[in-house]
Amino acid sequence: NTNPSSVLAEFLTAGLSANCMSWATAPAGTELEQVTLEWLRRLLGFPDGFHGVIQDTASSATLVATIAGRDAAWERAGRDAALTFYASAEAHSSVGKAARLAGFRPERVRLIPADEHYALRVDLLAESLHADRAAGLVPAVVVATVGTTSSTGIDAVRPIGELCRQVGAFLHVDAAWAGSAAICPEFRGMLDGLELADSVVVNPHKWLGVQFDCSAHYVRDPAALQRSFAMSPEYLKSAHDAEVVNYRDWGIPLGRRFRALKLWMVLRTEGAEALRAMIREHIRLGELFASWIDAEPGWDRLAPAPLALVCFRHRPAGMEDGPALDAHNRALLERVNATGQVHMVHTTLRGRFTLRLAIGQRTTTERHVVKVWKILRRAAASARE
Ligand code: PLP
């Protein structure tokens, strides 16, 4: 799903070989990162006063945010405090990994059940936060997901943010995939309340055509990252440190690639309107495919499909939930992928084997989606023979 301009930028990046660890080692690289992330922030409609940094992946951004939240809780409650971590049971694996790597004990990681739309149940989060506080534990970090990987579950950022403010927890929002849709004002509602968050990540490498890797990580208070990540040995000091941004202090690695160039290149060559048109077309195609599933007997839609990811299964007459229906869909997926014409990935939703059509490739058109539907129907018909 990479924009050709971004490939060219990677070629230039390799040639320039800039190391963007410090302003002094790459002034233009550092300042281009600041400028492009500010453009992107405005394009996404993210709150004023959020500051951006490019991390390699959303996994790293979530880990960095989790460590910053953990350290802030330690600062408040002391190093012996028993810290707790919260996320939806539908959160991406990188969220659980971040909790583990940041040293949260497994018995203090709360995976809160999701509702019928696969969004974190805020009532259960509130119960869990209050029960933990009553038990003398310290709620440190909450991760809300806007657009879960399995099924586009959208956690309600505003009430989650209000709870975090009440209990003093750090809120990170994982909008790695779906967040790009916020460049279209009509999809920004899913991030309502973002101004209450401490940190949010969006992956231009997922849905804006930027060559992997490029994760835009925004934080309300960069000093919160710096308290965890800044190190200033003599050999890294420069005369300008008091006036400039040194991105080495905003994350884990010291050396950093010049990733801003490919983001700049895509924003400049495409422009906001072309990027919006691409996202709107993907979402229209997703709605179209979902409407075919809804209209055709023998096919079930298994989750809302607000953003170009459609979760569904085939259900032959008389077959109910259970291992036989799961095996039928697993075999169907294998047959469909074996055509070499399409590649789909499954998930399980409430224990049901679920097929997923994800539209996000920049050159995908209606013709491709029509073809997928034909392949699926043919594969389902041949299974019945
Ligand atoms: N969060 C969500 C919601 C995702 O969908 C993904 C990847 O699929 C990730 C995080 C991890 O992204 P990355 O590969 O940039 O670490």
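The values are calculated or read from the model by the stated rules, or taken from the named source; none is laboratory data. Remember, it's a predicted structure, so these values are computed and weren't measured experimentally. Because the Cβ atoms are built from the backbone with ideal geometry, glycine has one as well, and the counts that use them run over all protein chains shown. Please note that ligands, DNA and RNA were not included when accessible areas were found on the heavy atoms of the full protein model with its side chains. Shrake-Rupley method; radii C 1.70, N 1.55, O 1.52, S 1.80 Å.
Quick look at the numbers
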{"item": "Region 173-210, subset over 18 Å from Pro306 (Cα atoms) and assigned to a strand (DSSP E or B), residue farthest from the chain's Cα centre (by Cα)", "result": "Ser199"}
{"item": "Extreme residue, least open to solvent (accessible area, probe 1.4 Å), among residues of region 261-297 that are over 23 Å from the mean Cα position of the chain (by Cα) and over 17 Å from Leu357 (Cα atoms)", "result": "Thr269"}
{"item": "Criterion: free of Cβ contacts under 8 Å to residues at least 60 places away in the same chain, under 15 Å from Ala381 (Cα atoms) and β-branched (Val, Ile, Thr) - qualifying residue of Val310, Val336, Val342", "result": "Val336"}
{"item": "Number of the exception - Met278 against (1) away from the ligand (no atom under 16 Å from the Cβ); (2) part of a helix (DSSP H, G or I); (3) touching a residue at least 12 places away in the same chain (Cβ under 8 Å); (4) closer than 30 Å to Cys164 by Cα", "result": "(4)"}
{"item": "Close pairs (7 angstrom Cβ cut-off, 6 or more residues apart or separate chains): farther than 10 Å from Asp174 by Cα in region 135-157, open to solvent by 30 Å² or more (accessible area, probe 1.4 Å) and of a type in the set (D, E, K, R) anywhere", "result": "Leu137/Arg108; Pro139/Arg133; Ala140/Arg70; Val141/Arg70; Ser150/Glu90; Gly153/Glu90; Val157/Asp192"}
{"item": "Qualifying position, being open to solvent by 80 Å² or more (accessible area, probe 1.4 Å) and under 25 Å from Ala277 (Cα atoms), among Arg362, Arg335", "result": "Arg362"}
{"item": "First in region 50-68 and more than 12 Å from the ligand (Cβ to nearest atom) and polar (S, T, N, Q), second anywhere and open to solvent by 10 Å² or more (accessible area, probe 1.4 Å) and at pLDDT below 95, Cβ under 6 Å, 6 or more apart", "result": "none"}
{"item": "Residue count for region 9-23, restricted to those that are touching a residue at least 24 places away in the same chain (Cβ under 8 Å) and open to solvent by less than 70 Å² (accessible area, probe 1.4 Å)", "result": "9"}
{"item": "One residue from Asp241, Asp213 being assigned to a loop (DSSP other than H, G, I, E, B) and either in contact with a Phe, Trp or Tyr (Cβ under 8 Å, 6 or more places away or on another chain) or more than 15 Å from the ligand (Cβ to nearest atom) (or both)", "result": "Asp241"}
{"item": "Lone qualifier among Thr30, Thr57, Thr25 - being of a type outside the set (Gly, Ala, Ser) and touching an Asp or Glu at 6+ places or on another chain (Cβ under 7 Å)", "result": "Thr57"}
{"item": "Region 174-197, residues that are of a type in the set (Gly, Ala, Ser), without any contact (Cβ under 8 Å) to a residue 60 or more places away in the chain and more than 13 Å from the ligand (Cβ to nearest atom)", "result": "Gly189, Gly193, Ala197"}
{"item": "Selected residue [over 19 Å from Ala175 (Cβ atoms) and surrounded by fewer than 24 Cβ atoms within 10 Å (Cβ to Cβ)] from Asp56, Asp71", "result": "Asp71"}
{"item": "Within region 178-193, tally of residues that are hydrophobic (A, V, I, L, M, F, W, C) and open to solvent by less than 10 Å² (accessible area, probe 1.4 Å)", "result": "5"}
{"item": "Single match in Thr364, Thr339 (criterion: closer than 16 Å to Ala305 by Cβ and polar (S, T, N, Q))", "result": "Thr364"}
